[in-house]
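Have a look at the structure below, then the notes.
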Amino acid sequence: MKSVIGSELLEQYGIDYFRGASTLGALTPDAVSYLLDNGNIFELDKGEKLFSYDEPGDSFFVILKGCIQFFKIRKNKAKHIRDYQFGQEIGSVAMIGLHGRVGDSIAGEDSIILQVSCNVFHGLHETFPTDFGILLLNLSREMARRLRESDDKLADHKTDQSSG
C-alpha cells in the first residue's frame, strides 16, 4: 500500500474526474478538495487487501481508480458477491451501522482508494454542511441500488427454486 497526496492526484486528474464519481457527484469543488486533502489516499496493487472481516467499520472507501472485490463471510466461508468500480464506495454500511466489517475486500486490479474516516466525515459536516447532505444522499442512493440488486437476486433465486 503506497500513500498518495490528494493535491497531486487532483492536479493529475482534474476536479471534473472526481466529480464524475457517483459518491462524489454534485459536491462542490471545495468539498471534493477537502476530502482529497483530509482523507487518506493510497494505491493498492492487484490482490492487495483493502480491509478484512471483523475489522472496525470506522471509515468508508471511495474507488478513485480500479476495482475492489468484496467477499462476504458467512459460516466461515468467503463468497464473492460484488465488484466495486470507479466512483463507488465500500464500507459506509459498517461505518453508519456501527459494526465491524462483514467480509474481506481485495483489489481486483491496481487501484487508487480514498479513505474517509469518521473524523473527516464529521469535518465535512462542520465545514461544508450542504455538501455533507449531498454526500449522505449519494451514499443512500448507492445503498438503495445495492438493496434493490440484492432483492432482485433473492427474488430470482426463489423463482428458480419454485420452478425446479
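The values are calculated or read from the model by the stated rules, or taken from the named source; none is laboratory data. Worth saying up front: this structure is predicted, and the values here are computed from it rather than measured. Heads up, the Cβs are rebuilt from the backbone with ideal geometry, glycines too, and the neighbour counts pull from every protein chain shown. Surface areas here come from the heavy atoms of the whole protein model, side chains and all, with no ligands, DNA or RNA. Shrake-Rupley method; radii C 1.70, N 1.55, O 1.52, S 1.80 Å.
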(message) Please verify whether A26 is in contact with a helix residue (DSSP H, G or I) (Cβ under 8 Å, 6 or more places away or on another chain), loosely packed, with under 13 Cβ neighbours inside 10 Å and in contact (Cβ under 8 Å) with a residue 40 or more places away in the chain, treating the condition exactly as stated.
(response) yes
(message) If I ask for residues that are among the β-branched types (V, I, T), farther than 28 Å from K2 by Cβ and under 16 Å from the mean Cα position of the chain (by Cα), which ones from the stretch 109-143 would you list?
(response) I134
(request) Residue by residue through the stretch 78-87, note down the ones that are open to solvent by 60 Å² or more (accessible area, probe 1.4 Å) and in contact (Cβ under 8 Å) with a residue 60 or more places away in the chain. (result) F86
(request) Sort out which residues of the stretch 88-109 are touching a Ser or Thr at 6+ places or on another chain (Cβ under 7 Å), assigned to a strand (DSSP E or B) and open to solvent by 10 Å² or more (accessible area, probe 1.4 Å), and write them in order of number. (result) D104
